Amino acid sequence: MSKRYFHYPLIVLLSYFSLVFLSGCSSEEQAAPNVAAEAKQQTFKWKLVTTWPKHFPGLGSAPENFAKAVNEMSNGRLQVKVFGAKELVPAMEVFDAVSRGAAEMGHGAAYYWKGKSPASQFFTAVPFGLNAQEMNGWLHYGGGLELWRELYGQFNLVPFAGGSTGVQMAGWFNKEINSVEDLKGLKMRIPGLAGEVLERLGGIPVTLPGGELFTSLQTGSIDATEWVGPYNDLTFGLHKAAKYYYYPGWHEPGAMLEFIVNKDEWNKLPDDLKAIVTYAARAVNQDMLDEYTARNNAALKELVSKHGVQVRHLPEDVLKALKKASDEVIAENIAKDAFAKKVYESFKAFSDDVIPYTEISEKAYIEARK
Ligand code: CA
């Protein structure tokens, strides 16, 4: 927070007392207009559009929690109202709506906007890339957020990390996956770089918003879908449309969501409200991971014991083929786009530094805990 934020009220207070005590004026007489004071009294009303159904657990809690935190911390000076997917704009139009100012703010996932820039995908999930903890480290202490700001600045947007789901599940399949052959012709909802990976192995990737997954899977217009993990997948009832639930989530090892703010609206805010938005987003970012950590395990138990879901580990040779295809897809993406290359170089350098330590800290500890 800026110095001004802390010292400003003190200055106002001192000026007030010196005027009252030295001149003996009434409060009406000494009330000189003060531009900064007026900005502090101005009320801002923002619409926050999301790519999720309203109040969807985890993903949809984040924008609600953000709105509540901002409203409370600003004492109502910044009022944020959340709109679920389709309430104001369809899920896949959130980026454009905020970019052009139809809504001041949005919540979604950067990889939905790969059509705008392939570089955006690296800010959500890189197949076989960083986990949630490492991703937060890259964004906030490894230069990731600065690159994200540079990219989104071209679209009149200011991005913030908007919560992580942690490692996801590989998804729901209506047949067993025993070999790479089983991926051939598989029509699967799987966005971002991972979709291109599936395509390379003969599958047919589809991008659909969450709200359309159940019907698409149940009617057979797709054969498989990834969504998030037990907590969210149970809510959508995906177990009623497919029997096999595969792990690990190679495609989204620490899926990072985003808050986006229209740059013109951001620039209108006084510094203290900018600080409130910044720290509320940061708190909500961590809170989402906390929520998933607490809820996924109970949901998985329910899926297995109550609904008879078959939980399966993807075969090692399938994972190996996916990893090889991921490396190729990433190499092609960064060869085509200079900014994607710049982002990936930063991501890769951070990965090379952080992974050896994760091996002897988190991973070694998890092994030891067994
Ligand atoms: Ca996902």
Revision key, fill the gap. Here the Cα Rg-to-2.2 N^0.38 Å ratio for the stretch 159-245 is 1.07
**Study point:** Simple spin-label estimate for Q41 and T278 in nanometres, 7 Å along Cα-Cβ
**Key:** 2.7 nm
**Study point:** Extended-chain gain in nm, criterion 0.36 nm per residue less alpha-carbon gap, D353 and H55
**Key:** 103.5 nm
Review point. Could you give the length gained on full extension between E87 and A368, defined as 0.36 nm per residue of separation minus the Cα-Cα distance, in nm?
Key: 96.3 nm
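Let's test the formula: R0 of 56 Å, r as the Cβ-Cβ distance of K306 and N75. What FRET efficiency results, to the nearest 0.05?
On the way: r = 45 Å, r/R0 = 0.80.
The computed FRET efficiency comes out at 0.80.
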Point to revise | Debye-sum result for the stretch 63-170 in log10 I(q)/I(0), which assumes one identical scatterer on each alpha carbon, at q = 0.16 Å⁻¹ | key: -0.83
**Study point:** Helix 338-358 axis, angle to the chain major axis (alpha carbon atoms, nearest 10°)
**Key:** 80 degrees
Check your understanding: For the stretch 228-264 and the stretch 345-370, what is the separation of their C-alpha centers, rounded to whole Å?
Key -> 23 Å
Point to revise | Residues of type lysines that K187 reaches as a straight line, Cα spacing below 22 Å, ignoring anything fewer than 8 places off in the same chain | key: K114, K175, K240, K243, K320, K323, K324
Revision key, fill the gap. Comparing S346, S221, S326 in a Gaussian network model of the chain (Cα, 10 Å), the one with the largest mean-square fluctuation is S221
Review point. Seen from all sides and averaged, what is the projected area of the convex hull of the Cα atoms in the chain, in nm²?
Key: 21.5 nm²
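Could you work out [θ]222 nm for the chain from helices alone, using -39500 (n - 2.57) per DSSP H run of at least four and dividing by all its residues? Round to the nearest 500 deg cm²/dmol.
On the way: 15 runs with 178 residues, N = 370.
Taken over the chain, the calculation gives -15000 deg cm²/dmol.
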Review point. Can you give the relative contact order of the chain as a percent, counting alpha carbon pairs under 8 Å and 6+ residues apart?
Key: 22 percent
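Rounded to the nearest 0.05, what FRET efficiency do L145 and Y247 have when you use their Cβ-Cβ distance and R0 = 25 Å?
Result of the calculation: an efficiency of 0.30.
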Check your understanding: In whole angstrom, how far apart do the alpha carbon centroids of the stretch 133-191 and the stretch 58-100 sit?
Key -> 21 Å
Study note, to complete from the structure: When all Cα-Cα pair distances of the stretch 291-348 are considered, the percent exceeding 14 Å is 72 percent
**Study point:** By average C-beta atoms within 10 angstrom, highest first, the peptides 131-142, 250-261
**Key:** 250-261, 131-142
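Just need the relative contact order of the stretch 201-258 here, percent rounded to a whole number, with Cα pairs under 8 Å and 6+ apart. Don't skip to the end; give the middle numbers.
Numbers: 21 pairs, mean separation 17.7, N = 58.
It comes to 30 percent, rounded to a whole number.
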Study note, to complete from the structure: the chain, Gaussian network, Cα under 10 Å: of V98, V206, V82, the residue fluctuating most is V206
Study note, to complete from the structure: Highest GNM mean-square fluctuation among D327, D352, D290, for the chain with Cα springs under 10 Å, belongs to D352
Review point. For a paramagnetic label modelled at 7 Å from the Cα of D317 toward its Cβ, which residues of the stretch 181-209 fall within the zone defined by backbone nitrogen distances under 19 Å?
Key: 181-186, 198, 200-203
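No value in this document is a laboratory result; all are computed from the given coordinates. If you're wondering where the values come from, they're calculated on a predicted model, not measured in any experiment. FYI the Cβ positions are ideal-geometry reconstructions off the backbone, even for glycines, and counts take in every protein chain you see.
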